[in-house]
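> Below you will find the structure I want to go over with you.
The values are calculated or read from the model by the stated rules, or taken from the named source; none is laboratory data. Because the structure is a prediction, the values reported are computed rather than measured. Don't worry about glycine lacking a Cβ; one is built from the backbone with ideal geometry, like all the others, and counts go over all protein chains shown. Each accessible area value is taken on the protein alone, full model and side chains, heavy atoms only, with ligands, DNA and RNA left out. Shrake-Rupley method; radii C 1.70, N 1.55, O 1.52, S 1.80 Å.
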2 protein chains.
Amino acid sequence: MKSDHHRSPMGLTKNQTLVFGALSHAEGPLSAYAILDQLRDKGFRAPLQVYRALDKLISLGLIHRLESLNSFVACQHPECDDRESMVFAICEICGKVSELADDSLENQIKTLAKRNGFSMKTCAIELRGHCRDCRPN
Amino acid sequence: MKSDHHRSPMGLTKNQTLVFGALSHAEGPLSAYAILDQLRDKGFRAPLQVYRALDKLISLGLIHRLESLNSFVACQHPECDDRESMVFAICEICGKVSELADDSLENQIKTLAKRNGFSMKTCAIELRGHCRDCRPN
DNA sequence: ATGGCATGTGTTATAATGTAACGCAATCGA
DNA sequence: TCGATTGCGTTACATTATAACACATGCCAT
């Protein structure tokens, strides 16, 4: 374990640990400013402290950004470092987000791209609808 | 053709026509504020004028919102009113966006959602990578 | 070991994106 | 004709995101 600054358990710095913790314990996605507000009493004062930690956590694959919500969630899978395509199901009623996985889908999309002369690197898929709990049929 | 206000060719109002025109003639996606700037000399003064037109055009299926870019593009298909899943390929080099279509993909995603107890209503898919022109191999 | 580099931090200020709330006007339909 | 709907214009504001600067820490190649 290579340590830079003062690092905590997973090799994260203090700020990164705090931001990751906030997202891990949240019921649903959090905006950067919601995280900032939660962490004010831990010494956070400015949005950049949050955004910088978020950038790092994303690059580590520990969290994901929900483009259509301008917010962030902790990764729900043990290991999705290597995955290029995320699928998020966003419930329009309760606001909760679940992260789906389907490798064949990823391949299919990549193939669709290639057929159109596009070399895909990453892919974000965000569904809107109703989750099981909010539409129990 | 039902006319409300002063309507132009396609049943659009003046503001909607101007905004749609700006997007139609653009090389790539435009942000709301980029549209606003283009239309200042047509009398546009405030972001809401743009956003309201955008909302309407989106609901008509004439344009799409790119969630990961906070910007907008004119629809490239003659008719995609009915389509629920859009696929956009965003070139990270030239910034151009192409709109792909694949019905089987839409079904596959919907099925994936259903397997996870999620009833999908709409879906946004945004790819990042290199387009044909920017990576000609 | 030391000097340069990469990374992380803290701060202030500002940019970019998006809405709320008000009043008004035009059209449609019962 | 009157109420509902839709659109317009405006002011003010909320939310989301970065730029720029100064400094600290650990790595590592010389």
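> Which one of these is assigned by TED's automatic domain parsing to the domain that holds A:L12 and either more than 30 Å from B:R135 (Cα to Cα) or out of contact with any Lys or Arg (no Cβ under 8 Å at 6 or more places or on another chain) (or both): A:L54, A:L100, A:L112, A:L105?
So the residue among A:L54, A:L100, A:L112, A:L105 that is assigned by TED's automatic domain parsing to the domain that holds A:L12 and either more than 30 Å from B:R135 (Cα to Cα) or out of contact with any Lys or Arg (no Cβ under 8 Å at 6 or more places or on another chain) (or both) is A:L54.
> Under 6 Å between Cβ atoms, at least 6 apart or on separate chains: pull out the pairs that start in the range B:12-26 with a residue that is within 16 Å of B:R52 (Cβ to Cβ) and end on any residue that is assigned to a helix (DSSP H, G or I) and polar (S, T, N, Q).
B:N15/B:Q49; B:A22/B:Q38
> Turning to a different aspect of this structure: Would you check if A:E27 is surrounded by fewer than 14 Cβ atoms within 10 Å (Cβ to Cβ), among the acidic types (D, E), out of contact with any helix residue (DSSP H, G or I) (no Cβ under 9 Å at 6 or more places or on another chain) and closer than 30 Å to B:S119 by Cα?
The answer is yes for A:E27.
> Is at least one residue of the range B:27-34 at positive phi and either within 14 Å of chain A (Cβ to nearest Cβ) or more than 13 Å from DNA strand D (Cβ to nearest atom) (or both)?
no
> Could you go through the range B:4-20 and let me know if any residue there is assigned to a helix (DSSP H, G or I), more than 16 Å from DNA strand C (Cβ to nearest atom) and of a type in the set (F, W, Y).
Yes, that holds for at least one residue.
> While we're looking at this one, here's another question. Any residue that is under 17 Å from the mean Cα position of the chain (by Cα), more than 10 Å from DNA strand D (Cβ to nearest atom) and over 26 Å from B:E84 (Cβ atoms) - is there at least one of those in the range B:36-43? Give the derivation first.
Within the range B:36-43, the subset under 17 Å from the mean Cα position of the chain (by Cα) is B:36.
From what's left, more than 10 Å from DNA strand D (Cβ to nearest atom): B:36.
With over 26 Å from B:E84 (Cβ atoms) added as a condition, the list becomes B:36.
Yes, that holds for at least one residue.
> When you go through (1) touching a residue at least 24 places away in the same chain (Cβ under 8 Å); (2) open to solvent by less than 40 Å² (accessible area, probe 1.4 Å); (3) over 29 Å from A:A101 (Cβ atoms) one by one for B:C94, which number turns out not to apply?
Here B:C94 clears every test but (2).
> What pairs come up if the first residue lies in the range A:31-42 and is not assigned by TED's automatic domain parsing to the domain that holds A:A53, the second is part of a helix (DSSP H, G or I) and modelled with pLDDT of 95 or more, and their beta carbons are under 7 Å apart, counting only those six or more places apart or on different chains?
none
> Could I ask something else about it? Step by step: first the residues of the range B:9-24, then only those that are surrounded by 16 or more Cβ atoms within 10 Å (Cβ to Cβ) and not β-branched (V, I, T), then the one that is farthest from B:S71 (Cα to Cα). Which residue is that?
Ranking the candidates gives B:L12 first.
> Okay, next question. List the strands (runs of 3 or more DSSP E) that sit entirely inside the range B:36-106 and contain at least 3 residues that are within 12 Å of chain A (Cβ to nearest Cβ) and among the aliphatic types (A, V, I, L, M). Reasoning before the result, please.
Values: elements: B:63-66, B:71-74, B:85-91, B:97-100.
Qualifying strands (runs of 3 or more DSSP E): B:85-91.
> Mind telling me which of the residues A:A113, A:A46 ends up being out of contact with any helix residue (DSSP H, G or I) (no Cβ under 9 Å at 6 or more places or on another chain) and either more than 16 Å from DNA strand D (Cβ to nearest atom) or free of Cβ contacts under 8 Å to residues at least 24 places away in the same chain (or both)?
A:A113
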